[in-house]
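A quick write-up on the structure given underneath.
The values are calculated or read from the model by the stated rules, or taken from the named source; none is laboratory data. The structure displayed is predicted, hence computed values, not measured ones. We place every Cβ from the backbone using ideal geometry, glycine too, and count neighbours over all the protein chains shown.
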Amino acid sequence: MRIVSALALMAALCTPVAFAQSAPATTSLPACDGTTANIRVSDIKPEKMDLFVAAVAAQKAWYASHNLPDKIYLVKIIDRDAAAFSVTQAITYHFYGSSNANIKHDAAWDAFVKMFSESSTIKAGYLSCVPKEMSPPM
């Protein structure tokens, strides 16, 4: 049963809609002695990196405007062959500073989710426990 639950969680995290989902309920997760974080590897659609960057900024702004302590980071992947940052993939880290249990989605939420949908697809998503010493201040 645990394997089925874990596979269902990974499937949910790997869908494009995953950007619209909150952190799973902590009652079904193991205790984390650091910060729970969602790490996503996204494939960026052709010519859509600027929109993806704007989506990350809009997501950060949404959490800040709702006084939530979550921290969201965009990590650029280096394409060694091109000696440049990739325009086809990116990684995002979403450190959960709140339970996100009572978040009410609004027009601004829908707008950044739409930007993510238009600019990318999630290649992989991992719910993780980041050690305290590696977590950003909340």
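Annotations for the structure displayed:
- Criterion violated by ALA90 - all others in (1) touching a Phe, Trp or Tyr at 6+ places or on another chain (Cβ under 7 Å); (2) not in a strand (DSSP E or B) satisfied: (2)
- Filter result (charged (D, E, K, R) and surrounded by fewer than 16 Cβ atoms within 10 Å (Cβ to Cβ)) within the range 68-122: LYS76, ASP79, ARG80, ASP81, LYS104, ASP106, ASP110, LYS114, GLU118
- Taking the criterion of being modelled with pLDDT of 50 or more, in a helix (DSSP H, G or I) and out of contact with any helix residue (DSSP H, G or I) (no Cβ under 9 Å at 6 or more places or on another chain), the only residue of the range 1-58 that qualifies is THR27.
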